[in-house]
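Data first, discussion second: the structure below is written as structure tokens.
The values are calculated or read from the model by the stated rules, or taken from the named source; none is laboratory data. Just so it is clear, the structure is predicted and the values come from calculations on it, not from any experiment. Cβ sites come from the backbone with ideal geometry, for glycine too, and all protein chains shown count toward neighbours.
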Amino acid sequence: MSNDPPPVMRAWLVRTLGTDRFELHPLVPEASTRRFYRLESSQGRSRMAIHAPPETENNEQFFELARVFRRHQVPVPRIYAYDAEHGFFLVDDFGSVEFLAVYENPSQRRHAIGLALDALVAIQRTEDVHVPPYTRQRLRDELGIFEEWCCDKMLGQSAKPIDIVADSLTTEIDRQPKVTVHRDYHGRNLLLHGDRLGIVDFQDALVGSSVYDLASLLYDCYFEHSDEDVATYIDQFRDLAFNSTLPCIKPRAAYVRALELTAVQRMLKAVGIFCRLWFKQRKSTHLPHVLPVLTRVISLADRNELSELASWLHSDIKPNFKKSVQKLI
């Protein structure tokens, strides 16, 4: 898929803006089929033009959820124009400063996480019929991504240890208090725009576990927060949740256990997706993250009565993955 804007998109933008005095600058393609272009006009205002092919992207859900989230004070982009037939959007430009870019600076990291935790309260307060449920079957299917693309396709081996723990793991996650969840609430989808937060990639939001998004944020696949920082951020968000009367597991130990088990499920899913990106799109950009993510999964699994899973990942999956990647790329 070319990263150049289709001529029909440029023509649509000319009609929408009433001028052809603008430039489109392509952004680095992401994992999906969407393509993003920073639009800079003669008036000096920057916006984001998006080409999201309707045959592969859930554009109607993106459109509806943008409306829903903005109504609930969640800082997602405003949609200025939408062409449903071609999958064209013109939206706010939140800039290009991802949270990941500031995480290395402790004071900036604390500020950024504080913004994310505040926004998470707004997300969890959101209630709307357009946000479907995060079912236990979907949680199980996501573990299947790891089984298929990492264990089977990448390593050519059985994933029986996943089958053994899948029911108990997904049941534990599914039984948690339910709120709206972003589902990809991590440092690449959270942007600093001046001193404000901008949230993107929200179109897959569901109603699921109240700890899911916090697990995404604190157990980011692209950055490892220290145990001390994780503990601090947990307490910070729990205070916000209680003060906002959000559904929240009261005993701290039970809350942390639910958070860590959710992180195990989510990070295994992510590893499967990283492998799938290689096999389906020949994108190796995410493969370097696999081993560090697996290391964290092993640690979390081992201290939450999933020692057999931890042992299998440590002695079998990690070394075999390392060998396989060396042969592939």
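Close Cβ contacts (under 7 Å, 6 or more residues apart or on different chains) running from residues in the stretch 213-240 that are modelled with pLDDT of 95 or more to residues that are assigned to a helix (DSSP H, G or I) and of a type in the set (S, T, N, Q) comprise ALA215/THR262. Of the candidates PHE36, PHE69, PHE62, the single residue that is buried (at least 20 other Cβ atoms within 10 Å of the Cβ), under 18 Å from the mean Cα position of the chain (by Cα) and either in a strand (DSSP E or B) or among the charged types (D, E, K, R) (or both) is PHE36. Restricting the first member to the stretch 281-293 and to residues that are among the small types (Gly, Ala, Ser), and the second to residues that are surrounded by 19 or more Cβ atoms within 10 Å (Cβ to Cβ), the beta-carbon pairs closer than 8 Å and six or more apart or on different chains are SER284/TRP278.
Taken over the stretch 111-163, residues that are of a type in the set (Ser, Thr, Tyr) and either outside the structural domain of PHE274 (by TED's automatic domain parsing) or part of a helix (DSSP H, G or I) (or both) amount to 0. The residue that is surrounded by the most Cβ atoms within 10 Å (Cβ to Cβ), counting only those in the stretch 97-110 that are more than 20 Å from the chain's Cα centre (by Cα) and outside any loop (DSSP other than H, G, I, E, B), is GLN108.
Would you be able to say whether some residue in the stretch 168-183 is among the charged types (D, E, K, R) and within 30 Å of TRP12 (Cβ to Cβ)?
Yes, some residue in the stretch 168-183 is among the charged types (D, E, K, R) and within 30 Å of TRP12 (Cβ to Cβ).
Looking across the stretch 174-223, just one residue is within 24 Å of GLY144 (Cβ to Cβ), of a type in the set (Val, Ile, Thr) and surrounded by fewer than 24 Cβ atoms within 10 Å (Cβ to Cβ), and that is VAL207. Just one of the listed residues (ALA310, ALA263, ALA231) is more than 27 Å from LYS160 (Cα to Cα) and assigned to a helix (DSSP H, G or I), namely ALA231. Number of residues in the stretch 275-297 that are within 15 Å of PHE223 (Cβ to Cβ), part of a helix (DSSP H, G or I) and touching a Leu at 6+ places or on another chain (Cβ under 7 Å) equals 0.
Hey, can you tell me all the residues within the stretch 294-311 that are in contact (Cβ under 8 Å) with a residue 12 or more places away in the chain and within 26 Å of the chain's Cα centre (by Cα)? Listed by number, the residues that qualify are LEU294, THR295, ARG296, VAL297, ILE298, LEU300, ALA301, ARG303, ASN304, LEU306, LEU309, ALA310.
Of all residues in the stretch 158-196, those that are hydroxyl-bearing (Ser, Thr, Tyr) and without any contact (Cβ under 8 Å) to a residue 24 or more places away in the chain total 2.
Could you go through the stretch 241-252 and let me know if any residue there is part of a helix (DSSP H, G or I) and more than 24 Å from LEU214 (Cβ to Cβ). Can you show your working first?
The initial filter retains those residues of the stretch 241-252 that are part of a helix (DSSP H, G or I), namely 241-243, 252.
Cutting the leftovers down to more than 24 Å from LEU214 (Cβ to Cβ) gives us none.
Checking the stretch 241-252: not a single residue is part of a helix (DSSP H, G or I) and more than 24 Å from LEU214 (Cβ to Cβ).
Scanning the stretch 264-275 finds no residues that are more than 17 Å from the chain's Cα centre (by Cα) and either more than 26 Å from ASP152 (Cβ to Cβ) or assigned by TED's automatic domain parsing to the domain that holds ARG110 (or both).
Being in contact (Cβ under 8 Å) with a residue 60 or more places away in the chain, of a type in the set (A, V, I, L, M, F, W, C) and under 29 Å from PHE242 (Cα atoms) narrows it down to one residue among ALA116, ALA122; which is it? The unique qualifying residue is ALA116.
Output the residues belonging to the stretch 77-96 that are surrounded by fewer than 15 Cβ atoms within 10 Å (Cβ to Cβ), out of contact with any Phe, Trp or Tyr (no Cβ under 9 Å at 6 or more places or on another chain) and at pLDDT 95 or above. Of everything in the stretch 77-96, those that are surrounded by fewer than 15 Cβ atoms within 10 Å (Cβ to Cβ), out of contact with any Phe, Trp or Tyr (no Cβ under 9 Å at 6 or more places or on another chain) and at pLDDT 95 or above turn out to be ARG78, GLU85.
Restricting attention to the stretch 201-248, the residues being under 25 Å from PRO106 (Cβ atoms) and not hydroxyl-bearing (Ser, Thr, Tyr) number 24.
Residues that are surrounded by fewer than 19 Cβ atoms within 10 Å (Cβ to Cβ) and closer than 29 Å to THR126 by Cα within the stretch 39-59 comprise SER46, PRO53, PRO54, GLU55, THR56, GLU57, ASN58, listed in sequence order.
Can you tell me which residue is surrounded by the fewest Cβ atoms within 10 Å (Cβ to Cβ) among those in the stretch 259-306 that are among the basic types (Lys, Arg) and under 23 Å from SER210 (Cβ atoms)?
ARG303
Going through LEU155, LEU139, LEU143 one at a time, which residue ends up being surrounded by fewer than 20 Cβ atoms within 10 Å (Cβ to Cβ), of a type in the set (A, V, I, L, M, F, W, C) and in contact (Cβ under 8 Å) with a residue 60 or more places away in the chain?
Working: LEU139 fails: surrounded by fewer than 20 Cβ atoms within 10 Å (Cβ to Cβ); LEU143 fails: surrounded by fewer than 20 Cβ atoms within 10 Å (Cβ to Cβ).
Exactly one residue qualifies, and that residue is LEU155.
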